[in-house]
1. Among the numbered criteria (1) touching a helix residue (DSSP H, G or I) at 6+ places or on another chain (Cβ under 6 Å); (2) closer than 19 Å to residue B:235 by Cβ, which one does residue B:59 miss?
2. Check residue B:121 against each of (1) under 17 Å from the mean Cα position of the chain (by Cα); (2) of a type outside the set (Gly, Ala, Ser); (3) modelled with pLDDT of 95 or more and name the one condition it does not meet.
3. Would you pick out the residues in the range B:184-243 that are more than 14 Å from chain A (Cβ to nearest Cβ), more than 19 Å from the chain's Cα centre (by Cα) and surrounded by fewer than 16 Cβ atoms within 10 Å (Cβ to Cβ)?
4. Can you tell me which residue among B:175, B:167 is surrounded by 17 or more Cβ atoms within 10 Å (Cβ to Cβ), modelled with pLDDT of 90 or more, under 20 Å from residue A:30 (Cα atoms) and more than 7 Å from chain A (Cβ to nearest Cβ)?
5. Out of everything in the range A:12-33 that is at the interface with another protein chain (Cβ under 7 Å from one of its Cβ atoms) and of a type in the set (S, T, N, Q), what residue ends up being surrounded by the most Cβ atoms within 10 Å (Cβ to Cβ)?
6. Scan B:205, B:227 and give me the residue that is of a type in the set (Phe, Trp, Tyr) and touching a residue at least 24 places away in the same chain (Cβ under 8 Å).
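The values are calculated or read from the model by the stated rules, or taken from the named source; none is laboratory data. Not measured: the values here are computed from a predicted model. Using ideal geometry, Cβ is built from the backbone for each residue, glycine included, and neighbour counts are taken over all protein chains shown.
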Amino acid sequence: MMTNHTEGILNVVKNLGTKVEYELNESILGLMNQPRVLRSVNNQSQIFASTIKRLQQTVESLSIPFNFPTKNDVTNTTKRFIQAEEKLDLLEERVIHLNHSIDDLKDTITASSYRTGEN
Amino acid sequence: MNKWTGFLKAITTTEDPMVGMTPRNPVWKKNKATLWHYPPKEKKYNIPIFMIYSLINQPFILDLGPKYSLIEALTNSGYDVYLLDFGIPSYEDKDLTMDDYILRYIKKGVQRALLHSKAEEISLLGFCMGGTFAAIYASIAEEPIKNLILSVAPVDFSTFSVLENGIDLLREGEIHLEPLLDAWGLIPARSMKSGIRLVSAPIYYSHYLSLLSHADDEEKNLKWRRYNHWAKSHIPFPAATLKQMMNDLGKDNKLIKGQLIIGNKQAKLDNIHANLLAVGATYDRLVPKEQILPITDHVSSIDKTFHMLKGGHGSLAKDGKAPSYLTNWLSIRSNPIL
């Protein structure tokens, strides 16, 4: 009896909570969808973007006299590894195709020698 | 264990639950990407399935745990399953574009899966943005694609169900996101999570209410923890891909118009002749039916089906079952071994 009562309350809480969540989200999304809000966010993002860019340029400039690697340096090195990996990948692909060709050739030779033996 | 104890235990456990437990082997690796092969228990079909997941989350939603795994269900049904896991991108991947993902990862991955399986044809199964990529790849592919299954994959971006005014302002050139994306290079995982949350459900607590309703059931709690772990496991996103998607797909809607260029090739949907199954979900706020259904009018496939699933955006992936509409459709198109 007690368990059923608790289950009932929990179901009401769940249904009501889900409905409230949905309605709150609808209101927030509606508010965000207003052109003036979107334009304002866009303006803020331009300021944020230029601040990040300036900071990045400052760090790049400082990295020379202070002799420390930046994320761009690490990125350039890693990109070389990825290029080398791609070349190895191509070579591996060729080896796989060659192996398949050799297998096919072996099959053909075996089949033809079997036929010759039969004749 | 009563509900409150179970609830508190589930939300206070800091250890991540185990996920991705179906046996698998790496077939090919490049950069952070891995092509995984999940062998079938008993092979019953000649055509393997190649899965492409979205770039926003990690693909372990497809293999949450025993009995809750779409991959496990498909291998139990007798399919060879391949999953292309793009991995977690780092700053050096910031310049990766949609072309790179399609030509250097998906195309190569499909070629490797064909070589590995020795199959003559393959089925593509793409989820969400992975489905959009699958459709783009299928429209330029030289590889033999027999079946194309797109789960909640947007292809027509003429309508949006959320922030429609924002898209209009973007199209009119009043909103410029490029400077921010260029400055970031790689969008951090936290920002991706916040961004997705913002356009889907800015306030989100109903999952705790679901947990409370079954908190005295250990197995359901574990499933909840696994799903919750996935829901929080967003990954960084290369800004170059996002810019290309925003401009070519979101702004100019080039895919449905047949104007999208991928690696010097025109990705026209009418190049697709594979059997097509497009799946939408009734309660999907992110990808409504209007963004999915139009693909059926643009492909050249003779055999094409649209299925509306009762559920939300991640239903096919997260339910952990191979639903009958999928298995029935796929089984007769996958060359059963007699």
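1. Only one criterion in (1) touching a helix residue (DSSP H, G or I) at 6+ places or on another chain (Cβ under 6 Å); (2) closer than 19 Å to residue B:235 by Cβ is unmet by residue B:59, namely (1).
2. Residue B:121 satisfies every listed condition except (1).
3. Within the range B:184-243, B:190, B:218, B:219 meet the criteria.
4. B:167
5. Looking at residues that are at the interface with another protein chain (Cβ under 7 Å from one of its Cβ atoms) and of a type in the set (S, T, N, Q), I get A:25.
6. Result: B:227 is the single residue among B:205, B:227 that is of a type in the set (Phe, Trp, Tyr) and touching a residue at least 24 places away in the same chain (Cβ under 8 Å).
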